[in-house]
Amino acid sequence: MTIQWFPGHMTRARRQIQEKLKLIDMAIELLDARVPLSSRNPMIDEILMNKPRLVLLNKSDLADPEATKAWIAYFAEQGLRALPIDAVGGNPVKEIMNRSKELLADKIEAQIRKGMNPRAIRALIVGIPNVGKSTLINRMAGRKIAATGDRPGVTKGQQWIKVGTEMELLDTPGILWPKFEDQQVGLRLAATGAIKEEILHPEEIAFFAVRYMAVHYADALQERYGVEELPQDTEDANAIVEVMEAIGRKRGAIVSGGRVDLEKASLLILRELRAGKLGRISLELPE
Ligand code: G4P
């Protein structure tokens, strides 16, 4: 899904989430483990106000485990518990339940002290497009939940999805916008596939990704593509383009006359990076 965000959309998105805050006990903030800050809404603290919050680093199956550890420490410093998950291949539901109960332990205990049966925890999932919100909702529901947008013209009321007996999720997630005025953020998101190529050129995105990997994951580049020599100076743009060309040549991305088709090579690199073919790679580290 590609959404064009304008200030009016942002205001509406924010208002929609804030209306739902009244209904919930906690928010589940979904981020992309490969680019946690870039996949984060810049106004999230203001939007969620003081709601208890669990941060999930999704797609952790594609992220560098060392980088993910560093990010967990980063969020802990901010008083936020972050849990890495894989909404597709993992089994995240039980751990999310346990963490949520810990987060709301005081509230649950207060209910018990008053002789009440603790009621199900009510939660809302929020995150930017493509971060895995629907996938996670389906996992937690244990079935496929039709998105509201699937039935144009039909406005259905708010539905609660039961997650076992102890949790209830709002069926429509809160969709947030990233900080796209920052070009680095745009490139990181595009490299992970969260932003489509029509917005940024594939060559520009692949250039960013190859440079980042030449600095942080040189071994992965060498292993996958057999690039013999990586540039000493990764600030040298020509040297990075040469690496991209070397990859294109190895993979047969050639146009007539024997020149490398850089766009084709770029698309190939991006496709393989996103599919995890280069290994588990994160594209952002805490400062
Ligand atoms: P959204 O509701 O937040 O917009 O995201 P959605 O669930 O639609 O997920 C976007 C894509 O990310 C989907 O791929 C989904 O399978 C994938 N995805 C979600 N969680 C994980 C995860 O933990 N690990 C991995 N590896 N992938 C995950 P898709 O349907 O193939 O979409 P696309 O890639 O064709 O855009």
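The values are calculated or read from the model by the stated rules, or taken from the named source; none is laboratory data. Since the model is a prediction, treat every value here as computed from it, not as a measurement. So basically every Cβ, Gly included, is an ideal-geometry build from the backbone, and we count neighbours across all protein chains shown. To get the accessible areas, we keep the full protein, side chains included, count just its heavy atoms, and leave off ligands, DNA and RNA. Shrake-Rupley method; radii C 1.70, N 1.55, O 1.52, S 1.80 Å.
Count of the range 144-168 residues, restricted to those that are modelled with pLDDT of 80 or more and within 13 Å of the ligand (Cβ to nearest atom), is 2. With a requirement of 2 or more residues that are open to solvent by less than 70 Å² (accessible area, probe 1.4 Å) and more than 25 Å from Ala191 (Cβ to Cβ), the strands (runs of 3 or more DSSP E) lying completely within the range 1-110 that satisfy it span 26-32, 53-58. Once the range 188-201 is narrowed to residues that are at pLDDT below 95 and not small (Gly, Ala, Ser), the residue that is most open to solvent (accessible area, probe 1.4 Å) is Glu198. Count, please, the residues in the range 248-287 that happen to be of a type in the set (Ser, Thr, Tyr), open to solvent by less than 70 Å² (accessible area, probe 1.4 Å) and either under 17 Å from Val35 (Cα atoms) or at pLDDT below 95 (or both). Looking only at that region, the number is 1.
Pairs are defined by a Cβ separation below 7 Å, a sequence spacing of at least 6 or placement on different chains, a first member in the range 114-135 that is without any contact (Cβ under 8 Å) to a residue 60 or more places away in the chain and closer than 18 Å to Ile96 by Cβ, and a second member that is more than 16 Å from the ligand (Cβ to nearest atom) and open to solvent by 60 Å² or more (accessible area, probe 1.4 Å); the pairs so defined are Pro118/Ile112; Ala120/Thr165; Ala120/Glu166.
Taken over the range 232-242, the criterion of being hydrophobic (A, V, I, L, M, F, W, C) and open to solvent by 20 Å² or more (accessible area, probe 1.4 Å) is satisfied by Ala237, Val241. Of the residues Glu245, Glu229, only one is more than 30 Å from Lys20 (Cα to Cα), open to solvent by 50 Å² or more (accessible area, probe 1.4 Å), assigned to a loop (DSSP other than H, G, I, E, B) and among the charged types (D, E, K, R); which? Checking each option against the conditions leaves just Glu229. Taking each residue of the range 168-185 that is in contact (Cβ under 8 Å) with a residue 24 or more places away in the chain and looking for partners that are charged (D, E, K, R) and within 12 Å of the ligand (Cβ to nearest atom) with beta-carbon atoms closer than 7 Å, six or more apart or interchain, yields Pro173/Lys133. Checked against the criterion of being under 17 Å from Met140 (Cβ atoms), within 16 Å of the ligand (Cβ to nearest atom) and within 20 Å of the chain's Cα centre (by Cα), the candidates Leu62, Leu54 yield just one match: Leu54.
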